[in-house]
Amino acid sequence: MSGMDAVSSSALILGGFFFLAGTVGLLRFRDVHSRLHALSKTDNLGLGLISAGLILRAGSFPAGAKILIIWLLALLASAVTCYVIAEWETNHERQDRNL
Amino acid sequence: MIAELSSPFLLYGAVGCLLIGMGLYSLALHTHVYRRILAWNALGGGVFLFLGAIAKRNAYGGSSDPLPQALVITGIVVSVSATALALAIARRLQTEERGNGA
Amino acid sequence: MTRDLALTSVLLVPFLGVIGTLLLPERLRRPFSFLVTTLVLAAVGALAVSLRDAFRYEISGWGAPLGIDLHVDGLAVAMLLLTGTVAGAVSAYADGHYRDGSSQKPAAGFWPLFFGLWGSLNALFLVSDLFTMYVCLELMTFSSVALITLAKDAQALRAALTYLMTALTGSLAYLLGVAILYGEMGTLDWTLMSPVPGDDPVAWMALSLMTAGLIMKGALYPLHFWLPGAHAIAPAPVSALLSALVVKAPFFILLRLWVQVWTDAPYASHVLGALGAGAIIWGSFQAIIQERVKLMVAYSTVAQLGYLFLAFPILETAARTADQAARQDAWEGVIYFALSHGVAKASMFLVTGLVVQATKTDDLRSLRGAAAHVPAAVLVWGLAGISLIGLPPSGGFIAKWQLLTSAIRFGLWPYAAVILFGGLLASGYVFRVLWYAFLAPDGSSAPKARVPAVMVLAALFLGTVIVLMGIRTADVFAVLKAGSPFPTVGAP
Amino acid sequence: MRDRIEIYDVLLVVTLIGAAWRALFGKDAFSATVFFIVYGLLMAMAWVQLDAIDVALAEACVGAGLTGALLIGAVRQFERAPGARALRRTMGLRASIGALSLLALAGLTASLFEIENRRSPVPPLVERSLGDSGSAHPVTAMLLNFRAFDTWLEIGVLLIASLAAISIHRLYDPSPIEGRASTAPTRPRLQIQSQTQPWIMARTLLPLLILVGGAMLWFGSHAPGGAFQSGALIGAAGILLQIAGGRSALRLSSLRTRSLLSLGFSSFWLMAAGALLAGGRILEYPPASAGAAILALEAAATLSIALTLNVMYACSRPWGPEP
């Protein structure tokens, strides 16, 4: 049983690391696009790892299924938000260039 | 200090009081209605957290006291309708005044 | 049995009014609101007649600490009578005010909000649970704010917003006080927590928070800044409701707390008394120098509320004297003042509405010759003025007489002096309007519009109520005896 | 039911206060709103720590979610307002306000320690009378049976607030303002086309939200859940449509809208009158059919809460629908 716990805790730690990388990316990069890029990639992967770790620890099947749904919803939400921000940013830049 | 703060009741009650203090300070400080709506919501959140701490303190037989929980749910719904009403008026006022001003 | 039926219909019928006026088609709305108004008035009358002693009514059948109870005593029924009388007159007035085609849109919005306000006031005066009072206060505030915005004017929006933000902050302070009280007493019903120990600091903090919140909502002197703007800009029937009833609800809760729950508050009540005295002097002075009649009446509300807050020190010293008759006199004097001020202020605002309807502006100078054009309006203004000043044939005289004698009997000379001085100041602004009204109408004033008869009748009805309150005071005092905190043993 | 303070509690509290600080005193109105939503969600986590799951759901759905949606919808209009950023108060006044707030904070915290070991008689009472209250979950029994009058007035508050929003919208008619195209408020910053991602998001989330809302309503009888939370979820589905679809098909003053708005309030009224006719007191359910009565009331309340929140969202946005 400790093997399962070891796997899930390592997944949790790895997920945490990806979040850290994403935040560093957010702070370091200059323009919006690369920030969005860094954030969406690492956060989604980080969240995937964390939810995988939690599913291993989750007691029953429904609880695990709920965690999975949470991850999918988070993916959908971050995809849409990144798209909308990126689209607004490009419109905004195109307006600046046209002025 | 931490030893005394043994039960979550005191911790979250103190956080509620802190939120009330911050909300009051921000409410009195800002003059623009939008910031005051935010401050008022934080103040309300503080009061509800205070009630929640009392619910936790009155816990009986494994679950916390349902009466303050019912009060807080009612309070949250009152504050969302108050925010909606204040925003509706403030937004119309802004449009009317900018409408006349422009 | 009729007592319970009257009580439940006092609570349920106004809310039926909200649903009905919201859903019924246009042409059915006026007869339906007329029907609901008469039903509620009948129920309140039946309740007042059948009230022998204070009684309780458990809503949804559960007991007090668990469920919510209604505590029906003389004070509650007196306030219900005031609400019924004023709301009845205002509904008749509004029927005429909103009949002409131009203001069709506000008419649709007025009636559901009007019955929502009436229902929340009835519930607030009856219920004995502090949190339910909070929800009633919110329902009342939202209805009042919405009613103010019916004036279709950017100024009305600004005044409504200031009122809303102040009232919301006040009700949060009140809610925090209730939360602390629940934390300490374990119940939300003020009848169960009655004898509060005088030396308990947490109970004192709860009381001061609740009082601060209710003072903000009740527009006592230093925190009254939102009232003149809101009451002056609102349509006439709405300002009558606001000034006569809405500002009374916080005072009603304070009266319950300070007199029936915190029994010994020796020095704190004098703080309220001092604020009340300040309100009388400052408010009356402001009212005298106003140029617009509506603002004048609004400042007069601020002043007259000061009298109500003089009640706390008087009742505090009354609670400590042995003389039962003196205590009951003070108690009846305070409540009677609330009733007479409500009726007088409502009639003043209705009269102002009549004048504005006739002359299209509420500037004082446009009142020249108003006595010739709308004589009934000026007559009712005179009667209301008599009541505010405290001259004999009016209810105000009885109330001020009781307050004055109690103040003198308990040796509170400064308050007695302020009561007399306030009457003098009140005559300042009342006679100023009368002076303009009786001037000969010069040719320049604009042609006067015709005023619907039902509006004049509503004002006249309130005028007669003022005079009746001055003559037949025994009936109302009999109602007040039921469940009064200062029971006079042996008195009928 | 832990009774110890854990490291997680301390972390949660610190982030909560940080988010609240940024929300209240942040420079830019838009970022203040974003941090206000973060603060709301952290508050929901705090409620979980206080073992108040119902309140956590209500805080997340209504407190953070819908209040956040209302604020985001309205903040674009206030950003250019001069006061939105500046903290305009003289130093002396700020010091005195700060002192007052600190005094309030100290007094309240002191009162916490004072009332720390007092208990309330209500929880045992609830335990005893839960049997014939018609619901196995104490909070739902409290909201819908013991203090049903509170909840009725509460739904009255929602109804009056939405009526006020509609009447303000109709009286101060947008058309004359939009008529002056030149000075019309500038286009919203987040220009949302209805064919792109948000529409896809709305399409996928809509069934899920309504499904979870319905489940939340059903859970109310025996687990944390209930009318307010499920009403908020179904309302959120409608608001998502309004965001993605731009102009919503909500006809504010039609009879259909008005009757659905007042459905919750009138069903409570009918229940109260029915209880009276059946010889009991106001809102007194016969123990046998209390469960059914509670479920009926909750269903009606859910529908009108959902529509009320949509109406409020529509009326607090610059691009409100036609009346």
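Of note:
- Shown is the FRET efficiency for D:E114 and C:T263, computed with R0 = 22 Å from the Cβ-Cβ distance and rounded to the nearest 0.05: 0.55.
- Look at the dipole of segment A:2-98 built from charges on Cβ: of A:A77, A:I67, A:V7, the Cα furthest out on the positive end belongs to A:V7.
- The stretch between D:S254 and D:M91, if pulled fully straight at 0.36 nm per residue, gains 53.5 nm over its current Cα-Cα span.
- Using the Cα coordinates of segment C:266-492, the gyration tensor eigenvalues translate into equivalent-ellipsoid semi-axes of 36, 19, 12 Å, sorted from longest to shortest.
- Extension gain (nm, one decimal) between D:H222 and D:V10, 0.36 nm per residue minus Cα-Cα: 73.2 nm
- Tilt relative to chain C, helix C:324-359 - C-alpha long axis, 0 to 90 degrees, to 10: 20 degrees
- Charge dipole of segment B:8-101 about the Cα centre (unit charges at C-beta), most positive-ward option of B:M22, B:I76, B:F9: B:M22
- Here the dipole of chain C is about 1520 debye; that uses its Cα centre as origin and unit charges on the Cβ of Lys and Arg (positive) and Asp and Glu (negative).
- Alpha-carbon centroid distance for the pair segment C:8-78 / segment C:207-251, whole angstrom: 24 Å
- Anchor C:K217: lysines whose Cα lies under 28 Å away (excluding residues fewer than 8 positions away in-chain): C:K152, C:K248, C:K294, C:K345, C:K400
- Extension gain, A:R57 to A:A21: 0.36 nm times the residue separation minus the Cα-Cα distance gives 10.5 nm.
- Peptide C:146-155 has a mean shielding of 5, counted as Cβ atoms of other protein chains within 10 Å of each residue's Cβ.
- Our note on the geometry: Cα centres of segment C:127-155 and segment C:182-201, 27 Å apart.
- On the basis of the beta-carbon distance and an R0 of 35 Å, C:D199 and C:F421 show a calculated FRET efficiency of 0.45.
- Alpha carbon Rg of chain C, scaled by the compact-globule rule 2.2 N^0.38 Å: 0.92
- The long axis of helix C:453-471 is offset from the longest Cα principal axis of chain C by roughly 40 degrees.
- Segment D:98-149 versus segment B:52-83: alpha-carbon centroid distance in Å: 6 Å
- Efficiency of FRET from Cβ geometry, C:A453 and D:R128, R₀ 51 Å, rounded to 0.05: 0.25
- Per-residue mean of C-beta atoms belonging to partner chains within 10 Å, peptide D:6-15: 2
- Selection of trypsin sites (Lys or Arg not before Pro), segment C:415-477, meeting DSSP coil and at most 11 other Cβ within 10 Å: C:R450, C:R472
- Dimensions (Å) - segment B:8-101, Cα atoms, principal axes, largest first: 62, 24, 11
- Rg/Rh (Cα only; Kirkwood hydrodynamic radius) as it applies to chain A: 1.14
- Charge dipole (debye, nearest 20) of the protein assembly as shown; +1 at Cβ of Lys and Arg, -1 at Cβ of Asp and Glu: 2760 debye
- Counts of other chain beta carbons within 10 angstrom of each beta carbon in peptide D:213-221 average 0.
- Restricting segment D:1-79 to GluC sites (Glu not before Pro) in coil, as DSSP defines it, with at most 15 other Cβ within 10 Å: D:E6
- Our summary gives segment C:219-298 a relative contact order of 48 percent, counting only alpha carbon pairs under 8 angstrom and 6 or more residues apart.
- Relative to the globular-protein estimate of 2.2 N^0.38 Å, the Cα radius of gyration of the protein assembly as shown stands at 0.95.
- All alpha carbon pair distances within segment A:3-47 were sorted into 5 Å bins beginning at 0; the resulting P(r) in whole percents reads 6, 26, 24, 17, 11, 7, 6, 3, 1.
- Using alpha-carbon coordinates, inclination of helix A:32-57 to the longest axis of chain A, degrees: 10 degrees
- Packing-based ranking of D:143-151, D:205-213, B:56-64 yields D:143-151, B:56-64, D:205-213, ordered from highest to lowest mean Cβ neighbour count within 10 Å.
The numbers here are math on the coordinates, done by the rules we state, and not lab data. All of these numbers come straight from a predicted model, not from anything done at the bench. Here Cβ is always computed from backbone atoms with ideal geometry, including for glycine, and neighbour counts include all displayed protein chains.
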